[in-house]
Amino acid sequence: QVQFVESGGGLVQPGGSLRLSCAVSGSAFSIYTMGWYRQAPGKQREFVAGITSGGSTNYADSVKGRFTISRDNAKNTVYLQMNSLKPEDSAVYYCNRANPHLQFTPISNDWGQGTQVTVSS
């Protein structure tokens, strides 16, 4: 079973930056499409960004131009660089395998613990 361990969250002021990391277990990481998702209190979990095995990326409209997803196959890790953060970006952020043919729908039901991002002055 693939496991996900997210890290890098914290408290940041509006306009600030954070870099999230997600370590993925197993030996097949390089062939996975990966996605970042977030869930704010009282809201459904939503797609943020995705990256295919070939490096193609996709972003939610709300984060385009501000967030960048990347991956390091040698480290089994996917990253999310978040710039120009806004209070509405506050949420718990998760990573998961994603289906690139179904709008980056998450594949695994076994989510990690997530990492909290709070954007506030």
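Annotations for the structure displayed:
Condition check ((1) within 16 Å of F4 (Cα to Cα); (2) of a type in the set (S, T, Y); (3) touching a Phe, Trp or Tyr at 6+ places or on another chain (Cβ under 6 Å)) across all residues:
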| position | (1), (2), (3) |
| --- | --- |
| P41 | no, no, no |
| S56 | no, yes, no |
| S62 | no, yes, no |
| A91 | no, no, no |
| Y94 | yes, yes, yes |
| T118 | no, yes, no |
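- Only one of the listed residues (T118, T77, T105) is of a type in the set (V, I, T) and over 19 Å from R19 (Cα atoms). That residue is T105.
Residue-by-condition table, conditions (1) in contact (Cβ under 8 Å) with a residue 60 or more places away in the chain; (2) touching a Cys at 6+ places or on another chain (Cβ under 8 Å); (3) closer than 13 Å to M34 by Cα; (4) among the polar types (S, T, N, Q):
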site: I51; (1), (2), (3), (4): no, no, yes, no
site: G55; (1), (2), (3), (4): no, no, yes, no
site: S62; (1), (2), (3), (4): no, no, no, yes
site: D72; (1), (2), (3), (4): no, no, yes, no
site: K86; (1), (2), (3), (4): yes, no, no, no
site: R97; (1), (2), (3), (4): yes, no, yes, no
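- Any pair with Cβ under 6 angstrom, 6 or more apart, that starts in the stretch 27-42 at a residue that is assigned to a helix (DSSP H, G or I) and ends at one that is modelled with pLDDT of 95 or more: F29/N76; S30/N73; I31/S53
- Residue count for the stretch 20-47 under the criterion of being surrounded by 14 or more Cβ atoms within 10 Å (Cβ to Cβ) and not aromatic (F, W, Y): the result is 12.
- Scan of the stretch 80-102 for residues that are under 20 Å from R19 (Cβ atoms) and among the polar types (S, T, N, Q), ordered by number: Q81, N83, S84, S90, N96
The values are calculated or read from the model by the stated rules, or taken from the named source; none is laboratory data. Note that the coordinates shown come from a computational prediction; the quantities given were computed from them, not determined experimentally. Neighbour counts run over all protein chains shown; Cβ positions are idealised from the backbone, glycine included.
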